[in-house]
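K.L.:
Take this structure first; my questions come after.
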Amino acid sequence: MKHHDNPHVLWMKIAETCLNKQAGSRYNAYHALFSASKQENETALLLMNRIAQLAKDTRNLCPTTWTIANLDDKLETMALLQALPDEEYAHLKANLLLVDNLTKDKV
């Protein structure tokens, strides 16, 4: 079987090309996940499905080698960024989110 005939290999190439696994993308995905709230006229089942999709989107942006320690560090980094007032730190926050491997030490 050739590589281009293997669906798993094809999917991995698509994911590698299309999924932006930078800190900013993960930050935005976590922000969407943690700020989700039930919409008017949204059933509990639809809300659960939407949250599940947001969680899946977030997981897809994380490296496959991630551990709980990595997650804890990223959540702490997100909390630091979120705590900075936008009025004074918007430019800094935007630049930090472009960093490939953003850590709390870089913030």
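K.L.:
Net charge near LYS106: determine it from the other residues with C-beta under 13 Å of the C-beta of LYS106, scoring Lys and Arg +1 and Asp and Glu -1.
P.N.:
That sum, taken over residues with Cβ under 13 Å, equals -1.
K.L.:
Please give the FRET efficiency for ALA55 paired with LEU97, using the beta carbon to beta carbon distance and R0 = 22 Å, rounded to the nearest 0.05.
P.N.:
Approximately 0.60, to the nearest 0.05.
K.L.:
Taking the Cβ of ALA36 as the center, what net charge do the other residues with Cβ under 12 Å away carry, scoring Lys and Arg +1 and Asp and Glu -1?
P.N.:
Cβ neighbours under 12 Å give a net charge of 0.
K.L.:
Which ordering of GLU40, GLU88 is given by a fewest-first count of other beta-carbon atoms within 10 Å?
P.N.:
By the 10 Å Cβ count, ascending, the order reads GLU40, GLU88.
K.L.:
Still on this structure: Exposure proxy check: THR64, THR103, THR77 ranked by fewest other beta carbons within 10 Å?
P.N.:
THR64, THR103, THR77
K.L.:
If neighbour count is taken as other Cβ atoms inside 10 Å, put SER37, SER25 in order from fewest to most.
P.N.:
SER37, SER25
K.L.:
With a cap of 14 neighbouring Cβ atoms within 10 Å, and only residues DSSP puts in a loop, list the chymotrypsin sites (Phe, Trp or Tyr not before Pro) found in the range 13-107.
P.N.:
TRP66
Coordinate-derived values only; no laboratory data. Small disclaimer: the values here were computed from a predicted structure and weren't measured. Note that each Cβ is placed from the backbone with ideal geometry, even for glycine, and that neighbours are counted across all protein chains shown.
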